[in-house]
Structures are given as structure tokens and as C-alpha cells.
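S.K.: Here you go, one structure.
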Amino acid sequence: MPTNSTERDRDADKTGMTEEKPPNSTGEVPSSVEEAFFDVRPSKGLIVIMSGPNLDILGSRQPEIYGTATLEDHLSLARQVVAAAGYELRHVHSNQESKLVEAVHSLRGIAIAIIINAGALTHYSWALHDALAAYEGVVVELHLSNPLAREPWRFLSVIAPVADGTIMGFGSLGYKLAAEAAVELARRRVEQSI
Ligand code: DQA
């Protein structure tokens, strides 16, 4: 049990809610991690990057495979693309499958596109597959490495059948490419709906 506030803060970070805490609709920083994670403030053009298990340790995690850039480095590349296109980018990360499923639910009717690097959940999370199947916006699947050039258990993606497309194997360039794809597909969806 945490015995002091420092330990409690550290334990709170272990919940997987490493997301920066954006202001809520009243302009205040959300007071709880739950509030920050399920940030469903309306937005004119919201694109969300979702990061699954172990992506929070990019930079030090198997750099020979994933490189030395941190998740924040990757996000800032995507942020530039999304901001230049006039859209808003938010990011959610969790190491927990259920949190990601609930985050997808919370984005229905809120986000125009989801870019998802589901980490290892890519290969077996039918729950995430089903959640994304029920999401009406654009879905871009993203991987830093090329799972098809790795161990056979990585060859199956259960996210791919419910994604508009997949970007993989381009390292950190992938976040830029995924953001460009999400912006363009989102634009087309908006045009089609007018
Ligand atoms: C990954 C590939 C997955 O197979 C792996 O489990 C990851 C990262 C990638 O970005 O290359 O955690 O999604």
C-alpha cells in the first residue's frame, strides 16, 4: 500500500494513464485520470492516437527493433501534421485491453479518426476488434516495426480487418504517414457526408 503521496502518485502512474492531461470544457485540467483518459470534449475535427501495451516505454524498449525515439517524439510528428491540417490531435495510452476498448466506445460520435498502434493486442484482441468494428470513423492501424517480417505469431492482425488501412515497418516515419492518411481519409468522409 502506498504510504505517502509520492508513492501514491507513482502508483497512479502505473494505471497506464500516462496521457498528458488536457484542459476540459471549462478550461481546467481534469482532476482525475479517468476524466483525462475519457476526454470526450466535442471537437470540430478530432483525431485520436491510441497506444497499446508497452508503447509507453519506447525509447528504451528493444531499440534495435523500435528505435530510440520516445512515444512523445512520435506523437509530436503526428501532431504537426494534424495541426497543419486544422484538426485536433489527442492521445490515449494504456497497457490494459479493457481501457482501450472503453476508450474506443467513448470516441464513437466524437472522433473522426483513430490511429491505433495496439502493440501485442494487435495479434489477439478480438475485444478491440469488435470495439473498432462498432466505431464509425476512420481507423488507421500503425506499427513501427513490420510484424510480417518478425515471429510468425505476429503475422495475424485482428485489427486489420476493421481498419481502413495499415502502416507498418517505417519506424517513426509511420506516425507522420498515419497522421497524413487519417487526415486525408477524414477529409473525404466529411466531403461525402455533405
Ligand atoms: C508493434 C508490433 C507488435 O507486434 C508489438 O507487439 C508491439 C509494437 C509495432 O509498433 O511495431 O508492441 O505494434
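The values are calculated or read from the model by the stated rules, or taken from the named source; none is laboratory data. Predicted model only: the values in this text are computed from it and were never measured. Heads up, the Cβs are rebuilt from the backbone with ideal geometry, glycines too, and the neighbour counts pull from every protein chain shown.
S.K.: Would you say residue 110 is within 16 Å of the ligand (Cβ to nearest atom), among the hydrophobic types (A, V, I, L, M, F, W, C) and either at pLDDT below 95 or surrounded by 19 or more Cβ atoms within 10 Å (Cβ to Cβ) (or both)?
M.R.: no
S.K.: At pLDDT below 95 and either outside any helix (DSSP H, G or I) or touching a Gly at 6+ places or on another chain (Cβ under 7 Å) (or both): does that describe residue 17?
M.R.: Judged against the criteria, residue 17 is a match.
S.K.: Now for a separate question. Here are 193, 76: which of them is surrounded by fewer than 20 Cβ atoms within 10 Å (Cβ to Cβ) and under 14 Å from the mean Cα position of the chain (by Cα)? Outline the logic, then answer.
M.R.: Numbers: 193 fails: under 14 Å from the mean Cα position of the chain (by Cα).
After ruling out the rest, the residue left standing is 76.
S.K.: Just checking, which of 124, 175 is in contact with a helix residue (DSSP H, G or I) (Cβ under 6 Å, 6 or more places away or on another chain) and aromatic (Phe, Trp, Tyr)?
M.R.: So the residue among 124, 175 that is in contact with a helix residue (DSSP H, G or I) (Cβ under 6 Å, 6 or more places away or on another chain) and aromatic (Phe, Trp, Tyr) is 175.
S.K.: I'm trying to understand the selection: among the residues of the range 40-76, which are of a type in the set (Ser, Thr, Tyr) and at pLDDT below 95?
M.R.: Of the residues in the range 40-76, the ones of a type in the set (Ser, Thr, Tyr) are 43, 51, 60, 66, 68, 70, 76.
Listed by number, the list holds a single entry, 43.
S.K.: Between 183, 190, 140, which is part of a strand (DSSP E or B), of a type outside the set (Lys, Arg) and within 24 Å of residue 44 (Cβ to Cβ)? Working first, answer last.
M.R.: On the way: 183 fails: part of a strand (DSSP E or B); 190 fails: part of a strand (DSSP E or B).
The unique qualifying residue is 140.
S.K.: For residue 138, work out the one condition from (1) in contact (Cβ under 8 Å) with a residue 60 or more places away in the chain; (2) buried (at least 23 other Cβ atoms within 10 Å of the Cβ) it doesn't fulfil.
M.R.: Every listed condition holds for residue 138 apart from (1).
S.K.: Which one is farthest from residue 112 (Cα to Cα) among residues in the range 143-194 that are basic (Lys, Arg) and within 14 Å of the ligand (Cβ to nearest atom)?
M.R.: Ranking the qualifying residues of the range 143-194, first place goes to 150.
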